[in-house]
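Engineer: Okay, here's the structure, questions in a sec.
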Amino acid sequence: MCGIFGIIFAERPRRPLGEILRRGLERLEYRGYDSAGVAVVDRGLVVKKDAGKVAEVAQRYGFDSLQGVVGLAHTRWATHGKPDQVNAHPHVDCRGVIAVVHNGIIENYAELKEELMKRGHVFRSETDTEVIAHLVEEYKKQGLDTFSAFKKALSRVRGAYAIALIDAENPRAIYFARNLSPLIIGVGEGFNIVASDIPTVLDHTKRVIAVRDGEYGYITAGEVYIEADGVPQDVAARIEEIPWSAEMATKGGYPHFMLKEIYEQPESLASTAAGLEPAQLEAVANALLAARNVYIVGAGTSYHAGLTLAFILPRLRITPIPVISSEYAIYEDLYDKDDLAIAISQSGETIDTIKAVKAMRERGVKVVAVTNVVGSTLSRESDVVLYTRAGPEMGVAATKTFTTQVLTLAAVYLTALRALGHDVAEHQRELKAVPDLARKTIEKTAGTAKELARRLRQRLSAYYLGRGAALPVAMEGALKLKEVAYLHAEAYPAGESKHGPIALVEEGFPVIFVFSDPNTGEKTLSNVAEMKARGALTIGTVPARSDYAKKLDVAIEVPQTSELFAPILHVIPLQMLAYFTAVERGYDPDKPRNLAKTVTVE
Ligand code: AGP
């Protein structure tokens, strides 16, 4: 949830090191923005850090004028200790020569802290991270060199971590380690980088190595050294060229990443469609049809994307079991070698999803990953990977990754349908048309979403209702509004709304209906009538030229397509409604409070 960035140069870079670190932090800020900090070595260790957003802290402490050739930076999403200056990273040892940044949780930090305090170490913060700096200090005191001391410290800590550490007494290296929390190396000419994710290094290099669980090592300006269980790893063979440009990870003229990424959807969907490999889809479809149980696993938005497949699979006589990643243990006794799991994660690093997948694989379940990030943990922990190719998503609220996940899953469904002998030519044509229809949806619905946002801004609560295959879209719409506009929003099966939720409805209460499933539209209309009778403001996403519009107070018309692809089009106005409502209410949709883009703690 926190973001890590460390860079080491052979000689002083043309721009001040502090400015480079600040820019790295800006790229990382979507991972956590409770506090920010940097450490550089410039005739000794210099640490600047505080609570607040990157821009404020960087300005206050003059990050841009810091000099040196080696430095670390960190943005924090607080887990241990309140977000204040003392708890901000980097953390240092007693003598102020070792600095460490960390993403994750050191589970046994309390006992380590007690042990170190008994040995005379003085702790400044309440964080779990600080024990790492003191452990390395302790082992150096016992005569080990920095790398050996670092390795010994790692042997003492338990938990999830991505760590980067520098030692001002040995400033030619950045030491790193990973267990469960994401970490990559950016390989450069005359410099090297460690970072939490790929977008952070794109300003400098596109050559990346994904560090694996249990690995540790160091980078110097000219070398990348990785070890696992004491064995040096073949680093050169693992360098991957990333097909993303630095420009893709900037706002490109939009006020927020979220809006940019909503508008990017036609392009992302085209890239997803172009990247679908028939042979791979056939392998997945055959595994789907042959499986005893099919689990569809994901968290948040990725779970909702999974539900769009789960709700149509029964048509193939498959009974899917949707699994919210963090609840994978419910089905633990079922997992078996004849089963298949489709695990969905934009980042490929969500800890709940990774843990679910590991538990399933231990019992022989075959795993198909649907992810956006090449080389991510999920991609490595799976038997088959379907990449969504949406490009980097920086907004904390997932948008283009939802629609590209739905498209990928719909392609799996179609391939299975064809394997069962059905003619899918018409559906294939619809799939090809999706990017263009998404563009038309954005053009046609942005205005209405903006107007509606003005009406919603004063409300406290809203319902999102849908039946059948429309329900996951309603769930996704409600999640978006909660996340970025801080309005209470709840999704229900439309028919279920009369079993309790309707009690809250009074004059002007917004109820947003999703009409993306043609099989359930008529029935949903009766729920519209029930809500209207109680004075609700009835809003709906409806297929163009349908009669549903007449029954609603506000109808948002989206182009016609089949229910397979309709979730992609119907969610777009709901994403925009959430975005514009957040802006109307004066919030920054890219940095929703208490949230981080990738959740790497349980
Ligand atoms: C979506 O808007 C949220 N930020 C969140 O629910 C997210 O989808 C979830 O944390 C899963 O992330 P992943 O797709 O990277 O696994």
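Engineer: If you filter the stretch 315-363 for GluC sites (Glu not before Pro), then keep DSSP loop positions with at most 11 other Cβ within 10 Å, what is left?
Structural biologist: Of the GluC sites (Glu not before Pro), not one in the loops of the stretch 315-363 has a Cβ with at most 11 other Cβ atoms within 10 Å.
Engineer: How large, in percent, is the carbon and sulfur part of the accessible surface of the chain at a probe radius of 1.4 Å?
Structural biologist: Details: 10790 of 22260 Å².
Result for the chain: 48 percent of the exposed heavy-atom area is carbon or sulfur.
Engineer: For the chain, what does -39500 (n - 2.57) per DSSP helix run (n ≥ 4), summed and divided by total residues, give at 222 nm, in deg cm²/dmol to the nearest 500? Each step should come with its number before you reach the end.
Structural biologist: Numbers: 16 runs with 210 residues, N = 602.
After summing the helix terms and dividing by residue count, I get -11000 deg cm²/dmol.
Engineer: I've got another one for you. Restricting to Cα pairs below 8 Å that are 6+ residues apart, what does the relative contact order work out to for the stretch 3-249? Please round to a whole percent.
Structural biologist: Numbers: 609 pairs, mean separation 46.7, N = 247.
Reported as a whole number, the value is 19 percent.
Engineer: With a/c under 1.5 counting as rounded, go ahead and sort the stretch 256-422 into rounded, prolate or oblate using the C-alpha gyration tensor (a ≥ b ≥ c being the square roots of the eigenvalues; past the cut-off, prolate if a/b is larger than b/c, else oblate).
Structural biologist: Details: a/c = 1.82, a/b = 1.27, b/c = 1.43.
It comes out oblate by the Cα gyration axes.
Engineer: Loop-only trypsin sites (Lys or Arg not before Pro) in the stretch 333-397, please: DSSP not H, G, I, E or B, and at most 14 other Cβ atoms within 10 Å.
Structural biologist: Working: sites: LYS337, LYS355, LYS358, ARG361, ARG363, LYS366, ARG380, ARG389; in loops: LYS337, ARG363, ARG389.
Here the sparse-neighbourhood loop sites are LYS337, ARG363.
Engineer: Right, something else. For LYS48, list the lysines whose Cα falls under 21 Å from its own Cα; do not include residues on the same chain fewer than 8 positions away.
Structural biologist: Qualifying lysines at Cα under 21 Å: LYS82.
Engineer: Also, quick follow-up: Kindly work out what percent of the DSSP beta bridges joining two residues of the chain are antiparallel, to the nearest 5.
Structural biologist: Antiparallel bridges: around 60 percent, rounded to the nearest 5.
Engineer: Students often forget the sequence filter, so: which lysines lie under 27 Å Cα-Cα from LYS550 once same-chain residues fewer than 8 apart are removed?
Structural biologist: Leaving aside lysines fewer than 8 places away in the same chain, those within reach of LYS550 are LYS440, LYS444, LYS450, LYS480, LYS498, LYS523, LYS532.
Engineer: Scan the stretch 1-64 for GluC sites (Glu not before Pro) in coil per DSSP, keeping those whose Cβ has at most 15 other Cβ atoms within 10 Å, and list them by number.
Structural biologist: In loop regions of the stretch 1-64 (DSSP not H, G, I, E or B), the sparsely surrounded GluC sites (Glu not before Pro) are GLU11.
Engineer: Using the Cα atoms as the points, what is the convex hull volume per residue of the chain in Å³?
Structural biologist: On the way: hull volume 90.3 nm³, N = 602.
Output value, Cα hull per residue: 150 Å³.
Engineer: Using Cα-Cα distances under 8 Å and only pairs 6 or more residues apart, what relative contact order does the stretch 256-422 have, in percent?
Structural biologist: That works out to 31 percent.
Engineer: Continuing with this model, one more query. Under a 1.4 Å probe, what is the accessible area of the chain per residue, stated in Å²?
Structural biologist: On the way: 22260 Å² over 602 residues.
Heavy-atom accessible area per residue stands at 37 Å².
Engineer: Just read off the accessible area of TYR328 with the full protein assembly in place, 1.4 Å probe, to the nearest 10 Å².
Structural biologist: Accessible area, nearest 10 Å²: 50 Å².
Engineer: Any idea how far the Cα center of the stretch 223-268 sits from the one of the stretch 96-111, in Å?
Structural biologist: 26 Å
Engineer: When the Kirkwood hydrodynamic radius is evaluated over all pairs of different C-alpha atoms of the stretch 3-249, what value in angstrom, to one decimal, is obtained?
Structural biologist: 17.5 Å
Engineer: Helix 109-118 versus the longest principal axis of the chain: what angle, 0 to 90°, nearest 10, using Cα atoms?
Structural biologist: The answer is roughly 20 degrees.
Engineer: Another question, then. State the number of lysine pairs found in the stretch 256-422 whose Cα atoms come within less than 23 Å, restricting to pairs 8 or more positions apart or on distinct chains.
Structural biologist: Working: LYS260/LYS400; LYS337/LYS355; LYS337/LYS358; LYS337/LYS366; LYS355/LYS366; LYS358/LYS366.
Close lysine pairs under the 23 Å cut-off: 6.
Engineer: Another one. Rank PHE5, PHE580 by accessible area, highest first, at a 1.4 Å probe radius? List each step's numbers first, then the result.
Structural biologist: Values: PHE5 0, PHE580 25 Å².
So the residues, ranked largest to smallest area, are PHE580, PHE5.
Engineer: Okay, next question. In whole Hz, what ³J(HN,Hα) sequence does the stretch 393-403 give by Karplus (6.51, -1.76, 1.60; θ = phi - 60°), x for Gly and Pro?
Structural biologist: Along the stretch 393-403, the couplings run 10, 9, x, 4, 7, 6, 10, 5, 6, 5, 5 Hz.
Engineer: Oh, and also: From the protein chains alone at 1.4 Å, what is the descending order of accessible area for ASP229, ASP517, ASP383, largest first? Don't skip to the answer; put the middle values down first.
Structural biologist: On the way: ASP229 145, ASP517 5, ASP383 80 Å².
Of ASP229, ASP517, ASP383, the descending order of accessible area is ASP229, ASP383, ASP517.
Engineer: Relative contact order of the chain: what whole-number percent is it, with Cα pairs under 8 angstrom and at least 6 residues apart? Let's see the in-between values first.
Structural biologist: On the way: 1400 pairs, mean separation 71.2, N = 602.
12 percent.
Engineer: Between VAL297 and residues 5 or more places away or on another chain, which pairs have amide H atoms under 5 Å apart, with H built 1.01 Å from N, and which residues are they?
Structural biologist: Here the answer is VAL323, ILE342, ALA343, ILE344, since their amide H atoms fall under 5 Å of that of VAL297.
Engineer: Continuing with the same structure: What whole number of Å gives the distance from the Cα centroid of the stretch 286-324 to the Cα centroid of the stretch 340-405?
Structural biologist: Value for the Cα centre distance between the two parts: 14 Å.
Engineer: Continuing with this model, one more query. Could you tell me the accessible area of LYS141 in Å² (1.4 Å probe, neighbours in place), rounded to the nearest ten?
Structural biologist: 130 Å²
The values are calculated or read from the model by the stated rules, or taken from the named source; none is laboratory data. All values derive from a computational prediction rather than experimental measurement. Virtual Cβ from ideal backbone geometry, glycine too; neighbours counted across all protein chains shown. With ligands, DNA and RNA removed, areas are computed over all heavy atoms of the protein, side chains included. Shrake-Rupley method; radii C 1.70, N 1.55, O 1.52, S 1.80 Å.
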